[in-house]
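The values are calculated or read from the model by the stated rules, or taken from the named source; none is laboratory data. Everything quoted here is computed from the prediction, not taken from an experiment. Heads up, the Cβs are rebuilt from the backbone with ideal geometry, glycines too, and the neighbour counts pull from every protein chain shown. In case anyone asks, the SASA skips ligands and DNA or RNA and just uses the protein heavy atoms, side chains included. Shrake-Rupley method; radii C 1.70, N 1.55, O 1.52, S 1.80 Å.
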Amino acid sequence: MKRIYSTIFLISSAALIFQLSITRLFSIYLSYHFAFMVISIAMLGIGSAGTVLSLHSQKKLEAGKFSDTNLSNYALCAGISIVLSYIISNLIPFDPVKLSWDKAQIFYFGLYIVVLSIPFFFSGMLIASAFLAHSGDSERIYCSDLIGAGAGSISVIALLNISGPDHTVLISSTICLLAAFLSGSGRSRLLLTVLILVNALLLIINPNFMNVRISPYKPMPLAMQYPGAEHIKTYYSSHARVDTLKSPSVRFAPGLSLNFLDPLPAQIGVSVDGGEINAVTEIGHRDSLEFLEYMPSSLAYNIGKSSRVLVLEPKGGLQVLMARRFGADEVFKVESNPLIVKAIREDLGEFSGDIFKHNSFTGHGRTWLKGLKGRPFDIIDLPVSGTSVTGIFGVSEDYRFTVEAFKEYLNALGRDGILSVSLYIVPPPRREFRLLATIVEALEESGVKSISYRIIAIRSWGSMTILSKNTVFSRSEIMKLKEFSRINGFDLVYYPGIKEDESNIYIRSEINEYFKGFKDILDPDKRSSFITDYLFDISPVRDENPFFNYYMKSENIKAIYEVMGRKWLFFIEEGYILPVILVIALLLSLIMILVPVFFYLKKVKERTSTEPLIIISTLVYFAMLGAGFMFVEITLIQKIILALGSPVYSVAVVLAVILISSGTGSILSGRFRLLRSNYTLIVIACIVLLYSFVYPILMDMISPFSLLSKILLICISLFPVGFFMGIPFPMGIKILGKNHAGLIPLAWAVNACLSVIAPVISVMVALELGFRAVLWFGSLAYFSAFISLTFLPHRSLEQRQHYPSV
């Protein structure tokens, strides 16, 4: 059994390394916000394993002849399939951008999911077989599974910091082969040794077919198509892949006045995960940076003092150069992507003017502000990012633009300090109105009165800058605003007392939507009705559902479709790719898991005396466990991103703690009968419900602490819920093993089936209702599991003796 536990530990660890490697691959190919798809892919493969066993193991189980002799073969197949599935997935012509016009992409997408699920199928076959052969040791098997997975989720961070995800794929394959070597016989070990050497050779040679494929429609591949384009260097970390490049398309001066006619200085592009390109500007001589004075984002520096400046998300550092040009004594920078800082420091320091040499920090800006001690800032600058307007998925969270975030920014300003926010104009107006509504809500909650006197805004041909203050804008500041706009040909959007004929002058639009929208949002009597009646959802965004770029109103889909030129690409980017993913996940679950299960149910009914109530109760119990576990896991990952400042750290920490604590709960429940009480499910439901209210407060409290302190506190806080969530599954397996062992594969399959669709559903619920509601659904799922277990008539004699009241 010790060899079996070790094999399961290694396979689970390799599966998690492969899973998180796919997450990084999705980040490069699509977006890291679609990590939930990887969880669905993994559970699809694992669930299919339960279905296959349910169809082929019944006779052996009834005869008591089921054994664990195939464990080594399953580990071998997992190791081989990891490499093959990665290579084949790179050859499948799936591209999410084409979904709007190429219906074949739906088929390719389904194929993509199936191919990547194959390694999880074999790992699931191994673990489920171990459960079937040794159901009496289910707690130890489950513990080995979860602790191995937790170890994998931690180790993958170190692996990704050393090399790219293509290398970690090979490493996860090698771990599977080592597991097969451990559990195999002398005959197979020679083959395994050869395969391990092949993996090592691939790691050293790194052939082209192992390279990560990037969609040709992403910004970096498009930029490389320009004449004279040159790729400079690629950097890898657990956070991101960063590429530096030269291309004529890298021309970054958002909203630059048409009155500036001189050439821009040399710029080098910095692309993150093959997507958004930011530019590092050559410092050169002072005159070469004159263009900075002709940008709308320089408004705050023109009308206010700029002795102490904070630039949030500086990326290539253009706003840092601007602050320096306007004489800032201190310029602080907080960048969420440490790899960008590293790349510019190491290789572009002299070129950029050492923008990240001093007063530079990494993480979320608002988290950094919580721990700040010192003088307040004269200007806090949130600049435009990206050299061009690119599609932003509605499912992408953005904690920079929530009510709670703006309250932090405003609180860090001096008495006459200015908050400057710039963004690209993407018609029809929605981002600008939502941003304004969110700032207004933050000012109101901060106790600021007469808000309409604390906002000014201008727009150029391509961008808009909105300034806000805790105090009113003075007459002299408004005069400077008008003069700055006149000289540069920028349109006034709003200032206290603006008249309609003062706007929409230089960059004319048929309907002066910006003027009317700003006036109505800043008018307390009209704000609510304007937001409610507007075509898009422009209501203020909060940390509870931080999807700033999700503007859909389901009741206005038809009207929005017409406004967006009758094109579906907008809906795909907006977040309506989620229903497509859900449908595909449901269909694949139906084909690979549920349909075979229905045939299996028929066979069970024919061969055994299993009552329908037992089967139904088993289905409900294990389905609710799968859904509840995923609802809680996905939400906790999301809520911890802000505190840790990195989605990668959040995924690794949550998975590690939940899995390891669940493993601990599993093994201790085998020793203490009290933990195997049905009421454990009620305890879980109550803890999850409590977390939905307490956890956001806790994350806010620990944000100023050091990274290690935050990780330690998060581990302590997550341990209780993970501990108890690890008990119900092996408890159910043990009950079935003593009474109805033939139902174990069915339990495994239905648990995985709900685990496939639950991650997609959780994101869809969060978009509409917030992540707190997802935790409520999780609590309800565990309560439903309690009800189903209470009515199960197949409890063992041991349970009836110890828990007669249940």
Item checked: Residue under evaluation Asn206, criteria (1) at negative phi; (2) touching a helix residue (DSSP H, G or I) at 6+ places or on another chain (Cβ under 9 Å); (3) in contact (Cβ under 8 Å) with a residue 40 or more places away in the chain; (4) of a type outside the set (Ser, Thr, Tyr), criterion not met -> (1)
Check: Just one of the numbered conditions (1) open to solvent by 20 Å² or more (accessible area, probe 1.4 Å); (2) closer than 26 Å to Val198 by Cβ is not true of Tyr86; which one?
Finding: (1)
Margin query: I'd like the full set of residues that are touching a residue at least 40 places away in the same chain (Cβ under 8 Å), surrounded by 22 or more Cβ atoms within 10 Å (Cβ to Cβ) and under 25 Å from the mean Cα position of the chain (by Cα), limited to segment 307-335.
Written below: Val311, Leu312, Pro314, Lys315, Gly316
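Yes or no, residue by residue, for (1) out of contact with any His (no Cβ under 8 Å at 6 or more places or on another chain); (2) on the phi < 0 side of the Ramachandran plot; (3) among the β-branched types (Val, Ile, Thr):
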position	(1), (2), (3)
Phe326	yes, yes, no
Val334	no, yes, yes
Leu339	no, yes, no
Gly353	yes, no, no
Gly363	yes, no, no
Lys370	yes, yes, no
Next item on the list: Run down Ile637, Ile687 and say which single residue is farther than 14 Å from Pro720 by Cβ, among the aliphatic types (A, V, I, L, M) and open to solvent by 10 Å² or more (accessible area, probe 1.4 Å).
Entry: Ile637
Checklist line | Residue that is nearest to Val763 (Cα to Cα), among those in segment 640-652 that are open to solvent by 20 Å² or more (accessible area, probe 1.4 Å) and among the aliphatic types (A, V, I, L, M) | finding: Val651
Next item on the list: Of the conditions (1) at pLDDT below 75; (2) in a helix (DSSP H, G or I), Ser589 clears all except one; give me its number.
Entry: (1)
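Yes/no per residue for (1) at pLDDT 80 or above; (2) surrounded by 17 or more Cβ atoms within 10 Å (Cβ to Cβ); (3) over 17 Å from Thr51 (Cβ atoms):
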position: Pro96; (1), (2), (3): no, yes, yes
position: Ser100; (1), (2), (3): no, no, yes
position: Phe107; (1), (2), (3): yes, no, yes
position: Ser117; (1), (2), (3): yes, yes, no
position: Phe122; (1), (2), (3): yes, yes, no
position: Gly136; (1), (2), (3): no, no, yes
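Could you check, for segment 177-188, whether at least one of its residues is assigned to a helix (DSSP H, G or I), farther than 30 Å from Ser72 by Cβ and not small (Gly, Ala, Ser)?
No, there is no match, as no residue in segment 177-188 is assigned to a helix (DSSP H, G or I), farther than 30 Å from Ser72 by Cβ and not small (Gly, Ala, Ser).
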Next item on the list: Name every residue in segment 486-508 that is within 25 Å of Leu535 (Cβ to Cβ) and either surrounded by 14 or more Cβ atoms within 10 Å (Cβ to Cβ) or touching a residue at least 12 places away in the same chain (Cβ under 8 Å) (or both), in order of residue number.
Entry: Asp491, Leu492, Val493, Tyr494, Ile498, Glu500, Ser503, Asn504, Ile507
Next item on the list: Please enumerate the residues belonging to segment 336-360 that are open to solvent by 20 Å² or more (accessible area, probe 1.4 Å) and under 22 Å from the mean Cα position of the chain (by Cα).
Entry: Ser336, Pro338
Item checked: Members of segment 249-264 that are under 21 Å from Ile340 (Cα atoms) and open to solvent by 20 Å² or more (accessible area, probe 1.4 Å) -> Ser249, Arg251
Notebook entry, point to check: Can you tell me how many residues in segment 268-289 are within 21 Å of Leu423 (Cα to Cα) and open to solvent by 20 Å² or more (accessible area, probe 1.4 Å)?
Noted result: 2
Note to self: Only one of Ser153, Ser185, Ser129 is open to solvent by 20 Å² or more (accessible area, probe 1.4 Å) and at pLDDT below 85. Can you tell me which?
What the structure shows: Ser185
Notebook entry, point to check: When only residues in segment 218-248 that are open to solvent by less than 30 Å² (accessible area, probe 1.4 Å) and charged (D, E, K, R) count, which is modelled with the lowest pLDDT?
Noted result: Lys218
Next item on the list: Would you point out which residue out of Ile439, Ile456 is open to solvent by less than 10 Å² (accessible area, probe 1.4 Å), touching a strand residue (DSSP E or B) at 6+ places or on another chain (Cβ under 8 Å) and part of a strand (DSSP E or B)?
Entry: Ile456
Next item on the list: Give just the number: which of (1) in contact with a Gly (Cβ under 8 Å, 6 or more places away or on another chain); (2) over 20 Å from Lys305 (Cα atoms); (3) part of a loop (DSSP other than H, G, I, E, B) does Asn470 not satisfy?
Entry: (2)
Checklist line | Test result for Ser173, in contact with a helix residue (DSSP H, G or I) (Cβ under 8 Å, 6 or more places away or on another chain), hydroxyl-bearing (Ser, Thr, Tyr), under 30 Å from Leu587 (Cβ atoms) and crowded, with 24+ Cβ neighbours inside 10 Å | finding: yes
Check: From the residues in segment 205-250 that are among the aromatic types (Phe, Trp, Tyr) and under 23 Å from the mean Cα position of the chain (by Cα), which one is farthest from Leu20 (Cα to Cα)?
Finding: Tyr217
Check: Say we look at segment 251-289 and pick out the residues that are charged (D, E, K, R) and either part of a loop (DSSP other than H, G, I, E, B) or within 30 Å of Leu159 (Cα to Cα) (or both); which of these is nearest to the chain's Cα centre (by Cα)?
Finding: Asp273
Next item on the list: Those residues that are open to solvent by 30 Å² or more (accessible area, probe 1.4 Å) and not in a helix (DSSP H, G or I), I need them from segment 189-213; list them, please.
Entry: Asn206, Asn211, Arg213
Checklist line | Entirely in segment 334-389, the helices (runs of 4 or more DSSP H) that have 1 or more residues that are farther than 21 Å from Ala253 by Cα and in contact with a Pro (Cβ under 9 Å, 6 or more places away or on another chain) | finding: 365-370
